[in-house]
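Notes to accompany the following structure.
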Amino acid sequence: MTSEEGFKVTSLKGKVTLITGASSGIGAGASVMFAKLGALLALNGRDLENLTKVAKQCTDLGAAEPLLVPGDLTNEDTVKNTVEQTIAHFGRLDVLINSAGILAMGSIETGDLAQYDKVMNVNVRSVYHLTQLCVPHLIKTKGSIVNVSSVNGQRSFPGVLAYCMSKSAIDQFTRCIALELASKQVRVNSVCPGVIITDVHRRAGLDEDQYAQVRFGVLQTPDTSLCKRSCFPDGVTESSVRCHVSVLAEHSKYKASP
Ligand SMILES: NC(=O)c1ccc[n+]([C@@H]2O[C@H](COP(=O)([O-])OP(=O)(O)OC[C@H]3O[C@@H](n4cnc5c(N)ncnc54)[C@H](OP(=O)(O)O)[C@@H]3O)[C@@H](O)[C@H]2O)c1
């Protein structure tokens, strides 16, 4: 097998996959891609209408009906129910994709503790909690975890302080649990996308001008110049999601990234 072939996952047939953030953007793209590859899906998001649309996209491709486990992941009961319902329905879990997340605009001068708590609760605390409850099941299947981090975890951007901190925490979380779970043959990786055109920026309150600046790199600092491009919707996810899939490849066993 060449090294390139090692990255090509052609089938995830029968792999039970729990995807958060599945109602929008990268998580929705991942859901459709995993459906194409034959995975059995449990999908979480808050917006049931969108979640249902994504599930229909999956079944239109011939995939099995996804299990919908909607709800706010900052609610501890929702997290517990999400895992319990997934296991009750499928009897196992092979893959966890933590894609749910929020962006918030705020610097050390303009942010506040409420914003910090909100970002950390969604982007870090809920990921810690959900992953913790999934791990016993993933150990049984020698499964995989993929965390959707961001270039903001590795590079410093002004004006999105809590978000950058949350993604750095996710990168460290990924590396630590990759080491903790390696001997149990659970693979843990993160993907760290640059700008991808989804709802995340508008939801953070960016107006059209600011959004255009983010998309075309005008707001970049020298430290962030690597991000002077963005991906457009059809590609979302194609590139980012291909990444999700490729980190599931067997040859990435025991390998912690980013
Ligand atoms: N787009 C980018 O440029 C980019 C770049 C790097 C990293 N990322 C990361 O990629 C991930 C997905 O972002 P995206 O761009 O796909 O954004 P998006 O389109 O806004 O989707 C965010 C998803 O997270 C879900 N979510 C948010 N808060 C939640 C909560 N409290 N409980 C449960 N679900 C919640 C949303 O659910 P509802 O819509 O149902 O409320 C939605 O499905 C995030 O972790 C983000 O930080 C994005």
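FYI, it's all coordinate maths here, none of it is from the lab. Note that the structure is a prediction, hence the values are computed from the model and not measured. Cβ placement follows ideal geometry from the backbone for every residue including glycine, while neighbour counts extend to all protein chains displayed.
Observations, loosely collected:
- Simple spin-label estimate for Lys142 and Tyr211 in nanometres, 7 Å along Cα-Cβ: 4.6
- Sum of side-chain charges, Leu133 neighbourhood, beta-carbon under 11 Å (Lys, Arg +1; Asp, Glu -1): -1
- Distance between the pseudo-spin-label points of Glu109 and Leu61 (7 Å out from Cα toward the beta carbon): 4.6 nm.
- Low-density loop cleavage sites - trypsin sites (Lys or Arg not before Pro) in the range 150-185, where at most 16 other Cβ are within 10 Å (DSSP): Lys184
- Cα shape, the range 123-200, gyration tensor, a/c 1.5 rule: prolate
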